[in-house]
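The values are calculated or read from the model by the stated rules, or taken from the named source; none is laboratory data. Since we're looking at a predicted model, the values are computed, not measured. Glycine gets a Cβ as well: all are built from the backbone with ideal geometry, and neighbour counts include every protein chain shown.
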Amino acid sequence: MNIGNRLKQLRNEYGILQKDLAEQLNLSQQTISLYESNKRQPDYDTLKTIAEFFNVSTDYILGITNIREPINIITDTSDEYIVEEKFKTYNTSKKRIKALEILDKIYELSPETQEDVIKYIEMCKLWEKEKKNLEGSEGLDSEE
């Protein structure tokens, strides 16, 4: 999805006209129309203002993610640090993209189902640990 489609979708969800949005953002109606028709792209500051107005992330407006909420709403400061540090351990952008795709899919679930996913991940980690232990003990048996 592109910026124009997202902007129009958000504007319609809020039930406001282009002229009203333009007024709120100190832009012209023509500018909003050009954004929505993808004939023009907002600059960084305008994109940030639009995101703040609709209380969504800039990544959501850009179509990078389906997570609407800005990161500061879905995490607290300590979580942001943990997420940032974890992402630094991914040595390729491919791993980062995969992690974001997984987060997108989990975030689309209900809170109850998200908790189930977390429990399932913990079970998978235990299964992997047990599998490694079994593989390690089989190696010891063959050495005898």
Q) Which one is farthest from Glu13 (Cα to Cα) among residues in the stretch 42-61 that are among the polar types (S, T, N, Q) and surrounded by 14 or more Cβ atoms within 10 Å (Cβ to Cβ)? A) Thr46
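Quick grid of which residues meet (1) within 20 Å of Ala99 (Cβ to Cβ); (2) assigned by TED's automatic domain parsing to the domain that holds Ala99; (3) at pLDDT below 90; (4) among the β-branched types (Val, Ile, Thr):
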site	(1), (2), (3), (4)
Pro42	no, no, no, no
Tyr60	yes, no, yes, no
Asn66	yes, no, yes, no
Glu85	yes, yes, yes, no
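For every residue, the table says whether it meets (1) in contact with a helix residue (DSSP H, G or I) (Cβ under 7 Å, 6 or more places away or on another chain); (2) within 26 Å of Ile106 (Cβ to Cβ); (3) aliphatic (A, V, I, L, M).
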| site | (1), (2), (3) |
| --- | --- |
| Asn2 | no, yes, no |
| Asn12 | no, no, no |
| Thr31 | yes, no, no |
| Arg40 | yes, no, no |
| Leu62 | yes, yes, yes |
Q | Selection within the stretch 1-30 - small (Gly, Ala, Ser) and assigned to a helix (DSSP H, G or I) | A | Gly4, Ala22
Q: Check off (1) modelled with pLDDT under 75; (2) not in a loop (DSSP other than H, G, I, E, B) for Asn91 and give me the number that stays unchecked.
A: (2)
